[in-house]
Structures are given as C-alpha cells and as structure tokens.
1. With respect to residue B:239, is the statement that it is among the aliphatic types (A, V, I, L, M), touching a helix residue (DSSP H, G or I) at 6+ places or on another chain (Cβ under 7 Å) and at pLDDT 95 or above true?
2. Residue B:142 - would you say it is charged (D, E, K, R), in contact with a strand residue (DSSP E or B) (Cβ under 9 Å, 6 or more places away or on another chain) and under 26 Å from residue B:178 (Cα atoms)?
3. Pairs only if they're at least six apart or on different chains, beta carbon under 9 angstrom, first in the range A:104-123 and among the small types (Gly, Ala, Ser), second at pLDDT 95 or above and assigned to a loop (DSSP other than H, G, I, E, B); list them, first residue then second.
4. Exactly one condition in (1) under 30 Å from residue B:243 (Cα atoms); (2) at pLDDT 80 or above; (3) of a type in the set (D, E, K, R); (4) exposed (fewer than 15 other Cβ atoms within 10 Å of the Cβ) is false for residue B:192; which is it?
5. Quick check on my filter: what residues within the range B:224-252 are more than 25 Å from the chain's Cα centre (by Cα), crowded, with 16+ Cβ neighbours inside 10 Å and of a type in the set (Gly, Ala, Ser)?
6. Any residue at all in the range A:89-101 that is within 14 Å of the chain's Cα centre (by Cα) and of a type outside the set (Gly, Ala, Ser)?
7. I want to confirm something. Restricting to the range A:81-107 and keeping residues that are crowded, with 21+ Cβ neighbours inside 10 Å and more than 21 Å from residue A:22 (Cα to Cα), which single residue is nearest to the other protein chains (Cβ to nearest Cβ)?
8. Hey, can you tell me all the residues within the range A:129-141 that are free of Cβ contacts under 8 Å to residues at least 60 places away in the same chain and in contact with a Phe, Trp or Tyr (Cβ under 6 Å, 6 or more places away or on another chain)?
Amino acid sequence: MAAADNTAQETDVPSREVAKRVFAAELNRATYTFKTSQDERAPVYVALPTGERANRICIAGTVTEIEDVGENAEYLRARVVDPTGTFWVYAGEYQADALNQLRKVQPPEFVTIVGKSRTYKTDDGSVNVSVVPEDVGAVSIETRNAWVYETAARTLERVHTARETSPKVATLAREQYGHDGSSFAHVAAYALQDLLEAGTHNPVEDAHEERLSDTDSDIDTPTDGTTDDVDESEDVESKTLSQAELGRQLGDPSAGNLEQRYAHDHSVE
Amino acid sequence: MNSLREDARLLHEQVGPHLPEDCADDYDVDAIETLFDSYVNTYRVPRGAAFDSVRNHVLREAGVDTDSFWASVRDDDQGTADDPLPLAECIIDGAWVTVRAKIVELWEPRTDSIHQVGLIGDESGRMKFVAWSKSNPPVLEEGTTYTFKNVVVDEYDENYSLKINSRSEIVEHAGDSPEAVNTVGTKTTVYEGVFVAMQSQSGLIRRCTDPECTRVIQQGECSEHGENEGKYDLRIKGVLDNGESVQECLFTAGMTEAVVGINLEEAMQMASDALDISVVERRLTEQLIGHRFTVEGPLLGRYLLVDEVSEVPGRVFSQGYQTAVEGLLSEYDYDGPGLTVENIDDLPQTYDVPVAAGKN
C-alpha cells in the first residue's frame, strides 16, 4: 500500500464547478450572465430564474436531430428535447471531444450532456440561450428518467431555498427577470407527470412531435442487460394509473378531489 | 453557578486518585474548599480561573506528575483499555486516546529517529502510526493485536495518524484472545453521481518499470528514472457529480474492468489494432459519460479509490415511478396547477407569491 503515505497533496487546485441540473424551460429563460471577478479567465455564470447561479450544467434528453450548420468547418447543431422544452446544443472544432461524440449519435437517442450555457443577442435584441457541450454520452431511458427526477427535485429545492441559500443571485434574478422563478415548480411537476406517462411505454400523443419517435428506444433499452435495474412490474403498475389519479397527484383541479384541494388551499391563506 | 463547595468536590474527584498517599489527607474536599475560598474571596481571582489555579497548585504541592495526570484525564473521553476508541473516531488533533488495533503493515522508516512506522487497523478502519525511537517503544509485529494506551492523534492535511510516545503503554494480545482484531475494516466513503468527466492519464497508461516506482511515464520517460519502456496498466481517473458536489474517483484496472467490461489485455489489443494508445481512453469516456454510478472506497487525498462500483440508473424508482414522484411532490407540499406542454411558455409568473400550499 504505497499510496498510504502520500499525505502531501496539491491543496490549491481550483475546485471544479458543479454541474447544475436544469430543465430546458428554465435554462432557455436564463439570459442574464455575470462574473464574480474581473479576471478574464473567471468563470461566467448564468443567473437561473429560480435564484442560483450555474456555470457548468448537466442536461439529458432525446436528440431529435443533428445538423451541420457550419459554413466552412464542421459545426453541429443538435436539438435535445426534455419534457419541458428544447436545448439547442452547438459543437464545433473547439469542442473536439463533444463533436466526436455527437457525430456518433443516431437520432432519436437518449443522451446526457455535460457542458456550459451560452447566451447571445439576436439581431432583434432578444437573447437566445444555447449549450456548449464538453461531453456527450448516450444513455438508457432509465438514466434519462433518473435525470428528469433529479432535475425536478433540484428545481423544487431551488424554488424553496434559493432565497436563503443564495440570496444575492436570487435577488439579482428577481431584478433581471421580474419574477421570483417559483413558477418553475410547476415545470418540475409537469416533468414528473410526464415521467409517469413515460413509465407506461405508451406513445405520448399530446406531447412534442419530436418525442413521438422515442418509443423505439423505450423498448430497446431494457434488453441490453446492464441497465435492467428497474423492475418491469413497476411499469405495469404505472400503466394502470388513471388520468384522474395522475391529476390528483399533480394537483390538477380538473381531475377530481376539488373539495380537498380547495380546503387545503384555504387553510393556508 | 456551582458553589465553592461543589467546585471543591469536583476538583477532588479529578485529582484525588493521583495524590500520593502521604498527602491525600492534606487535600481533602475541605482543604480544597479553603483554598478556593482564599483564591476567590481574598485574592479576587475569577471563579473560572480559580478552578485551574487551585488544581495546578494542588498538583504542584503534592508532587503529582502532571503529564500522566492529563493523559489519564483525557483518557476518560478518548477510550479506555476496556473500551477502546474505534480508529474511525480518532479525528481530534492532539487528543490522547486508547485504541486496540492490529498491525496491518510495517513500512521502512525513513529516518533513524523513527523506530517503527506503518498501518494499524481495527473493525472501523485503518490508520498510520509512528513510534519514535527516543520513546523506547517495544518492537511491534505485523498481524499482532495490541492495546495502545495514551497515544496521540496527529492531523496533517485531514489525514490522521497515531503517535506512540514515551507515555504510551502497549499491551500485546494473543492471536486467539477475545481482544484480537480479526477483520480490519476500511473507512470508506460512498458517493452517487453522474460521470461527468474523464481526466487525463486515464485509459491505457505506462508505468515506470523501476520496482520502487509506480509513476506514469510520458513520452517514454519517467520523471525520476529517465527513459523507460514502461509497463502497461489500465485505470480511470474521473469525476462524479451529484448536482451539489463533485468527487474525483480512481478506478484501478480491476475496477475499470468491472465498470466497462474491458480488461488490460483487451485494452492493449485495442491500442495495438488502432496503433494509438488513446483509443482506450476515448472508448471508456464514451461508455461512462452521463451514466449514474454509486461508488465506495477509501479517500486518498482528493480521490476516492473505488473498490465497489455499481450502475443503478433507476434506483430512485425502485419502489416504482409513482411512489418516487408522489414522495417528491409531497416533500414540497406541491399543490399547484396542472400544466400542459402548450402552456409552459405562458407560465403564470409570480413575484414573491408562494407557489406551493403550505410553505414557501
């Protein structure tokens, strides 16, 4: 055990930025960027509407199309769709690893992407958000679903705690966006609802047209052996879940249990 | 606040057992109370300071060995011979502790001032120990269990070790005695996260062929031993990220095979087919990025040395999607409007209005 005596370690290694989990609906609204130091090489952060800053992000979804939009050199643009919207992912020669990895993706395919968010002003003055990937990995539907769940959890957490845990960014975000981002709790809830529907392995008819072709991957993935941790019977159980039941869980007033919901609301006012 | 009498009784309890017999009567509770009274009321010493002053006075006058007195006072909270402190709890720099552990490994001391150095272990974990030559410690044998009384915890860079000094007492235990440590545990850390980055010098690497050296060589040269063919090895240095923190992880060749199903021979074959050693790293990256792992192992500096790994993408759903989702929403008392994908873009924007019933 030669390594046991290596007490001297590099101590001033800059800490790596954590990859924030964020849905497309929120990231695409995160148009305000800032730095925490004058240093040219200081990291650029986006202010998430839910009140935290993000430099690195971790996203997942379905790649629905990839197009080379480069004029001279290869410059790939990928549409990556999550339950709440579309991430626009661009990779060129400076993202060599990601570019190589994207070339191998055959839409539709589930991927996880680690990268950074980038904003740019369009001619009409509005700000668009895109993703610059560092790495792209093809994943199974279980991994993608776990991301949806985790991202919903982080989003809800931010909505509830960012005001205390990152008050500066929360204040900044409120000033910049004119609201407190709490509506993204609904987005998280919507994504979770979508997860329950996805768990049925049925085509989701009323969702984005981009997502229609997911069903092939849904069926293929569990058979690859390595990712078979989800009990098949759970899927059967989800399938029997009625729409009313779903709505009840998600607090949809049109889905029944109105009295209970309003009683609950009232008790809080 | 205690009365002087109570303070006197407390102090007597502490110093009483250490007083030599011939002056035990000179320092009974009454005598100590009188001393307190004189310090506090006559000489106006604050109560807190008086306690320490009276104690030092008594120890000095009675000729008590202060080092062994303090060692035994500390002993009370830091393990005893009957109830030794687990190694995993030896994490207070400078604490005097009593532990019971087996010598796992002895290393070659680097200087003459060190009598023995190595690794000891009990059920809770392993730790480095150092016995200084000047303290005349007994010779310890690998594989034997000892009780180490009055050894001192030393911390350097968040790594803890035990120092055996001249006041330490070492008791050997027979291998078949109930005290003998059978299984040595490891202090391990568990981390779950998404594999977000492969670090350089991963995949197929070459290590210096010098038997004492395990450095990775680059461009056919070891920084210590010069030009060198190198011996192939397979490993992963990568980063897991759970959205709140990152953890750098080191996978040995065995763990690399466990996680990606490629062993050293296959990796060497891949490299020779491609005439390029870096294909291995690219292949590993491709297989790992974006996947979710739970790893377990001891921490070595910044790295978690993985000795168990599993890919469990759907672990949060082990009770079913519905249970997981219901659990999460109720955790936040979520009771908002149902959304459809059409109206996500027209979200009702709020300003300082709690979205969930119950709390904000």
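The values are calculated or read from the model by the stated rules, or taken from the named source; none is laboratory data. Just so it is clear, the structure is predicted and the values come from calculations on it, not from any experiment. As a convention, Cβ positions derive from the backbone with ideal geometry for all residues, glycine included, and neighbour counts pool all protein chains shown. Protein only, heavy atoms only, side chains kept; ligands, DNA and RNA dropped before computing areas. Shrake-Rupley method; radii C 1.70, N 1.55, O 1.52, S 1.80 Å.
1. No; evaluated as a whole, the condition is false for this residue.
2. Yes.
3. A:117/A:22; A:117/A:30; A:117/A:55
4. (4)
5. Across the range B:224-252, the qualifying residue is only B:230.
6. yes
7. A:101
8. Residue satisfying the conditions is A:130 alone.
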